[in-house]
Amino acid sequence: MSTESPLIGSFSASPAQQLDGARIGVVTFPGTLDDRDAARAVTLGGGTAVSLWHGDESLHGVDAVILPGGFSYGDYLRAGALARFAPVMNTLIKEAGAQQTSSSPLPVLGICNGFQMLTEAHLLPGSMINNDHLKFICKDQVLRVENTSTAWTAQFTADELIAVPMKNQEGQYVTSAQELEQIETEGRVVFRYVGDDPNGSRNRIAGVTNERGNVVGLMPHPEHAVEAGYGPDDATGMRNGTDGLTVFTSVVSSLAGGQQ
Amino acid sequence: MTQNPAAQPGNGEPELTDEPQFSIDTVDDAAATPQTELPWAELGLKENEYTSIGEILGRRPTAAELAMYSVMWAEHCSYKSSKVHLRQFGDKVTDRMKQDLMVGIGENAGVTDLGDGWAVTFKIESHNSPSFVEPYQGAATGIGGIVRDIISMGARPVAVMDPLRFGDIDHADTHRVLPGVVSGIGGYGNSLGLPNIGGEVVFDSAYQGNPLVNALAVGVMRHEDLRLANASGVGNRVVLFGARTGGDGIGGASILSSESFDESKPSKRPAVQVGDPFAEKVLIESCLELFHNELVEGIQDLGAAGISCATSELASNGEGGMHVELTNVLLRDPTLTPGEILMSESQERMMAVVTPENAAAFEAVMSRWNVEYSWLGEVTDTERLVIDWDGETIVDVDPRTVAHDGPVYERPYQRPSAQDALQADSFRASAGGENLPATAEDLGAAVVELMSSPNMADKSWITNQFDRFVGGNTALSQPDDAGVIRVDEESGLGVGLSTDGNSRYTYLDPYAGAQLALAESYRNVATSGAVPMAVSDCLNFGSPEDPDVMWQFSEAVRGLSDACQQLEVPVTGGNVSLYNQTAGQPIPPTPIVAVMGRFDDVSRRTPSGFQRWADGQAIYLLGT
Amino acid sequence: MPTIVVEVMPKPEILDPQGKAIANALPHLGLTGFTGVRQGKRFELTVEGEVTEEVLDSARKAAAEMLSNPVIEDVVSVAVAEDQQTA
Amino acid sequence: MPTIVVEVMPKPEILDPQGKAIANALPHLGLTGFTGVRQGKRFELTVEGEVTEEVLDSARKAAAEMLSNPVIEDVVSVAVAEDQQTA
Ligand SMILES: Nc1ncnc2c1ncn2[C@@H]1O[C@H](COP(=O)(O)OP(=O)(O)O)[C@@H](O)[C@H]1O
């Protein structure tokens, strides 16, 4: 009799390649919520998670940085607005920003609140305002991966459709018409919402990258789609979706290969 | 008599500028002026209660003492009407029920051994009337309060649930209350990073004037992290940390006028409390760091009765004495009188007992998380709780008389005369009952009608406003019958929880109705694949002074305690919410029962409902 | 088009978590001269035609019943906007 | 204590979902005279001592760099509060 319930993947199951070399920093701000989840995703992706603290200027020599989701400083004022002034952000802006001239600028990923911080810090274009329906929304969301040349998306295939959870209140992506046009023509939209527009974002943009392609931000949460049993639904079963894991395996292998 | 000391340095909030003007009523004053009238009635005390305070103290209470007794002897802190019945939860127990119980009823929340060195603590509480007055903030601070109960046991909170009752879905007041309640629960819980793993939404006009907002929080800890609310170790220091103390929840100016025997005008006090989830989030993280580094000996959250409760409970559960200087309390509003400071219900505060050796390490944790704190005093062996105001003693009491030995009432109760008629009034005997659907078509239409009732319909319009993914350990949540959370990522050890209640059954037969609530919750947990282990309950009823309501209450408790004994699951804690009525009309009796069960491996959890991935599987109907 | 500006602030006795967080963050910008911050709301209502006393009354009603929550907020002002404000 | 008021509004070209929702709801209150609503923010910064030109400069810096996000918002005004405002 095949009445067995869907099984949840084991946490200790490691991915095919174990590349302990990649040290990926995960920053905790006061009010950060998804730092442990991001660290788990890094581990599952084959990297080594290094926790970084908002009040510490040093990035402790990590190879890449994740600004995880949450409600830093309660999302008071504007989401991400107060976190942007943390000491760690000063260093991050120097190491990842436009003034950075080294051939391999620091890969940075901002998820949800982290994306909001990156726009507040002007490392990424645009900004987020309240969802057009004015509510917090938590749901499984399908995205199209439109740019696979970043360190965070290298292992996706072009235009691959992935399902990851999204959960936010201030997730409507806006920017000026001119900048929007520039982002689009330069191919800097990394993730785009598929299906019903969940929050009114311009051109259904879910994630973007900067000119050099080292900084990526997205509103939905790939780190919540890394373990079967705890992610979004997918074709194989309830909560089985692990599409988000590719974000983390991508950066680990990009770092290992030294390529961007 | 002393003046309020100078305003404390700002914490980023503008100082209220009213000049503090009040006199202090010291213990010496009380002894010297036995005839002075105090406004005990305005503070909600009964004459016999006021008299017994005098007898306990051997003199009239000071204004500050009166403030403490009045809040601690209030129904929701003292359980004075429900205590005699609630004893059954502790009396009707079998050995098996005690086997995994690490902390039972009486502490901030019960604790159950989960095995492998893990323990789980959970509790359900009500925040009904604040949520009616200001839905968003009322519901938000309801989540905040129950989460602090969980932290104070030494646990990391891992999930919340929210059983709700509203009036008619089409009523204007429901349109005012529901969106605020839902976004308040989401706004606070989502910001804390606690997945919402279930709850209930029921619409019934019987709740029109008195909606119910109950909230459950569950937390997990390693055995060694368990903390209790007691002040032990003479010479250990007492610290208050978290948000500053404001005039929250002290309502009108009655207590103020009791202290200002002069004619100074009372300043404004907030009508509602505003929650600060960010402050609570850093409070959680800083407490976990304190527990991890073993920096606190005892800890207590500040709930309804604020500092009155925290000092008297810590003192009476410990060595028995405590000495506190109240002017050390950091204030948001410098015009607060000592009595008001003792009564304030300001949110996001905790009180802890710390050894002198650990004080510096404690301060380091506070500054790392940018949490404000102030040292208030120390543990003594005097068996007295002594509170000074600028060096003069304003409270000198046996803390047990405040915290534990309050009044206990055997309220009269009686089976309502209308109960028989109510039970006889069946659907089959009614007009509707004569035209029961008989044909397939009629039956089909009846099913559709049922499904479209707001009580049966999909609840995702509400639950999609709650984060169910945060933490990465949610194995089941809506739309499943039980919420399931993984506790140990290595072994898959976890817990399943459900909350249930059916006020119609309970109205018809409170004894059976409470049992059915337990049975439903137990079933929901069991069918998810967990072994039910423990119960928490929130008993929402009308006025205990109404013998009909008191009968409903006593029957429900008797029923629930009998059923718990039968199923061998202990009640580990809960909450009683009385006086839920408008214009003399009580709500239907609404015991909400939460059951927690254990999974040795959550990968074996079973979702409810037919799964679209399970095509071709067989369907069985079990039971009677 | 004429504009009516409505200003709403949290009541002084009510906790303002946002203001508190901002006040704590200002020193990161090197700004230490402020002892407190409170955050409220500012609404601009545009009016077709003239701002009569009647229109102002509607704005006051909107301010009291929809734009503010009287339990926790005060309406600080309801006034016709001067022409062009700048910082 | 003197207070500096900072006013911030969403840029005209940025859609304002809150303002739109309010505009749609006003007719339910029987108020139909308004053609549009925009919701911005109003901050009160309290100052210990005198409001010098230097203090005002800090407030302008706070307004430009923290209290507003130039991508979506404009600082409408930074000014010392008149003594007692009322509705
Ligand atoms: N207020 C709420 N908060 C969170 N989850 C809720 C709430 N109300 C209902 N749910 C969840 O939605 C799902 C469906 O609820 P309900 O229709 O009441 O189910 P049932 O009738 O099977 O108990 C359940 O998973 C329940 O836990």
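The values are calculated or read from the model by the stated rules, or taken from the named source; none is laboratory data. None of the values given here were measured: they were computed from a predicted structure. All Cβ positions, even for glycine, are placed from backbone atoms using ideal geometry, and neighbour counts span all protein chains on display. Just so you know, the surface numbers come from the protein's heavy atoms only, side chains and all, with ligands and any DNA or RNA stripped out. Shrake-Rupley method; radii C 1.70, N 1.55, O 1.52, S 1.80 Å.
Please work out the average accessible area per residue across segment A:15-255, using the 1.4 Å probe convention, and give it in Å². The answer is 30 Å² per residue. In this structure, the amide hydrogen of B:M102, modeled 1.01 Å from its nitrogen in the peptide plane, lies closer than 5 angstrom to those of B:V111, B:T112, B:D113, counting only residues at least 5 positions away or on a different chain. In the assembly of identical copies, C:K61 has its label point, taken 7 Å from Cα in the direction of the beta carbon, separated from the corresponding points by 4.8 nm (ascending, one decimal). For segment C:35-87, the calculated P(r) over all alpha carbon pairs, in 10 Å bins from 0 to the bin holding the longest distance, is 19, 48, 28, 5, 0 percent.
Just how large is the dipole of chain B about the Cα centre, in debye to the nearest 20, putting +1 at every Lys and Arg Cβ and -1 at every Asp and Glu Cβ?
Result for chain B is approximately 1340 debye, rounded to the nearest 20.
A simple packing score, the average count of other Cβ atoms within 10 Å per residue, orders the peptides B:600-606, A:219-225 as A:219-225, B:600-606, with the highest score first. Distance between the pseudo-spin-label points of C:E53 and C:M1 (7 Å out from Cα toward the beta carbon): 2.6 nm. Within 10 Å of the Cβ of each residue in B:484-497, the mean number of Cβ atoms contributed by other protein chains is 2.
Inter-chain Cβ neighbour count for B:272-284, averaged per residue, equals 5 (cutoff 10 Å, partner chain atoms only). For segment B:362-475, carbon and sulfur atoms together expose 52% of the accessible surface, with a 1.4 angstrom probe and every protein chain in place.
Put simply, the amide H of A:I66, placed in the peptide plane, has neighbours under 5 Å in A:G25, A:V26, A:V27, A:L109, leaving out anything fewer than 5 places away on its chain.
Think of each Lys and Arg Cβ as +1 and each Asp and Glu Cβ as -1; about the Cα centre, that makes the dipole of the protein assembly as shown roughly 2140 debye. Taking both sides together, the accessible area buried where B meets A is about 3500 Å² for a 1.4 Å probe. Using the Cβ-Cβ distance between B:A304 and B:D390 with R0 set to 22 Å, the FRET efficiency from 1/(1 + (r/R0)^6) comes to roughly 0.25. Distance to the C-onto-D rotation axis is smallest for one chain C Cβ; residue and value in angstrom are C:R42, 2. Expressed to the nearest 5 percent, the antiparallel share of DSSP beta bridges inside segment A:15-255 is 60 percent.
Simple rule: put +1 on each Lys or Arg Cβ and -1 on each Asp or Glu Cβ in segment C:3-84, find the dipole, and look at C:P27, C:A63, C:V5; the Cα lying farthest toward the positive end is C:P27.
All C-alpha pair distances within segment C:1-78, sorted into 5 Å bins from zero, spread as 3, 15, 21, 16, 13, 12, 10, 7, 3, 0 percent across the bins. Highest mean packing first, where packing is the average number of other Cβ atoms within 10 Å per residue, the peptides B:538-544, A:52-58 line up as B:538-544, A:52-58. Within segment A:142-260, the ratio Rg/Rh, alpha carbon atoms throughout and Rh by Kirkwood, equals 0.97. Only protein heavy atoms count here; under a 1.4 Å probe, B:E224 has an accessible surface of about 120 Å².
The Kirkwood hydrodynamic radius of segment B:406-542, based on inverse pair distances between different Cα atoms, is 19.1 Å.
Simple point charges give the picture: +1 on the Cβ of Lys and Arg, -1 on the Cβ of Asp and Glu, and for chain D a dipole about the Cα centre of about 600 debye. Projected label points at C:N69 and B:E42, each 7 Å from Cα along the beta carbon direction, are separated by 2.9 nanometres. Heavy-atom accessible area, probed at 1.4 angstrom with all protein chains present, ranks B:R269, B:R237, B:R87 as B:R87, B:R237, B:R269, highest first. Pairing chain C with chain D buries about 3400 Å² of accessible area. This figure sums both sides and uses a 1.4 Å probe.
Using only alpha-carbon positions in segment A:15-255, the gyration tensor eigenvalues give semi-axes of 22, 22, 18 Å once each is multiplied by 5 and square-rooted (largest first). Using a probe of 1.4 angstrom and keeping all protein chains present, the accessible surface of chain B works out to 38 square angstrom per residue. Rolled with a 1.4 Å probe across the full set of protein chains, the surface gives A:H122 an accessible area near 110 Å². Fully extending the segment from D:R60 to D:L15, taken as 0.36 nm per residue of separation minus the present Cα-Cα distance, adds 13.7 nm. The label point for B:A364 and the one for B:W461, both projected 7 Å from the Cα toward the Cβ, are 5.4 nm apart.
With R₀ set to 30 Å, the beta-carbon distance separating D:T35 from B:T582 gives a calculated FRET efficiency near 0.15.
Placing +1 on the Cβ of each Lys and Arg and -1 on the Cβ of each Asp and Glu in chain B, which of B:I185, B:T94, B:F427 has its Cα farthest towards the positive end of the resulting dipole? Farthest along the dipole direction, towards plus: B:F427. Under a 5 Å amide H cut-off, with hydrogens placed 1.01 Å from N, B:V202 pairs with B:L164, B:R165, B:F166 among residues at least 5 apart or on other chains. Rounded to the nearest 5, the antiparallel percentage of DSSP beta bridges internal to the protein assembly as shown is 80%. Sorting the segments A:62-73, B:167-178, C:23-34 by their mean number of nearby beta carbons within 10 angstrom, highest to lowest, gives A:62-73, C:23-34, B:167-178. So what's the angle, to the nearest 10 degrees on a 0 to 90 scale, between helix D:53-62 and the longest Cα principal axis of chain D? Helix D:53-62 sits at roughly 40 degrees to that axis. Compactness of the protein assembly as shown, taken as the C-alpha radius of gyration over 2.2 N^0.38 Å, stands at 0.94. So what's the gap between the Cα centers of segment A:57-130 and segment A:229-260, to the nearest angstrom? Computed from Cα coordinates, the inter-centre distance equals 22 Å.
Please identify the DSSP H helices in chain B that span no less than 20 Å along the helix axis (Cα) and have a mean Kyte-Doolittle hydropathy of 0.0 or more.
In chain B, the long hydrophobic H runs are B:135-151, B:172-192, B:277-292.
Along segment B:31-42 the Karplus relation, 6.51 cos²θ - 1.76 cosθ + 1.60 evaluated at θ = phi - 60°, assigns HN-Hα couplings of 5, 7, 10, x, 8, 4, 7, 10, x, 5, 5, 4 Hz to successive residues, with x for each Gly and Pro.
Only protein heavy atoms count here, probed at 1.4 Å, and on that basis chains C and B bury about 1500 Å² of accessible area in total. Can you give me the % of accessible surface on segment C:3-84 that is carbon or sulfur? Probe 1.4 Å, all protein chains present, nothing else counted. Carbon with sulfur: 47 percent of the solvent-accessible area. Using the Karplus relation 6.51 cos²θ - 1.76 cosθ + 1.60 with θ = phi - 60°, the per-residue 3J(HN,Hα) values for segment A:226-239 come to 10, 9, 4, x, 10, x, x, 5, 9, 4, 8, x, 5, 6 Hz, with x marking Gly and Pro.
Output the pairs from B:K123/C:K61; B:K98/B:K459; A:K167/C:K41 with a Cα-Cα distance over 32 Å in this structure; if there are none, say none. Violating the 32 Å limit, Cα to Cα: B:K123/C:K61; B:K98/B:K459. Listed values for segment B:476-485 are Karplus-derived 3J(HN,Hα) couplings in whole Hz (6.51 cos²θ - 1.76 cosθ + 1.60, θ = phi - 60°), namely 9, 8, 4, x, 7, 5, 10, x, 10, 10, and x replaces Gly and Pro.
To one decimal place, what orientation-averaged projected area in nm² is obtained for the convex hull of the Cα set of chain B?
Over all viewing directions, chain B projects a mean Cα-hull area of 29.6 nm².
The simple Förster model, with R0 at 51 Å and r as the Cβ-Cβ distance, assigns B:E434 and B:E545 a FRET efficiency of 0.80.
Between the listed residues A:T43, A:G213, A:G55, the Cα displaced farthest toward the positive end of the dipole of segment A:15-255, a dipole computed from Cβ unit charges relative to the Cα centre, is found at A:G55. Counting, for every residue in B:523-530, the Cβ atoms of other protein chains within 10 Å of its Cβ and taking the mean gives 0.
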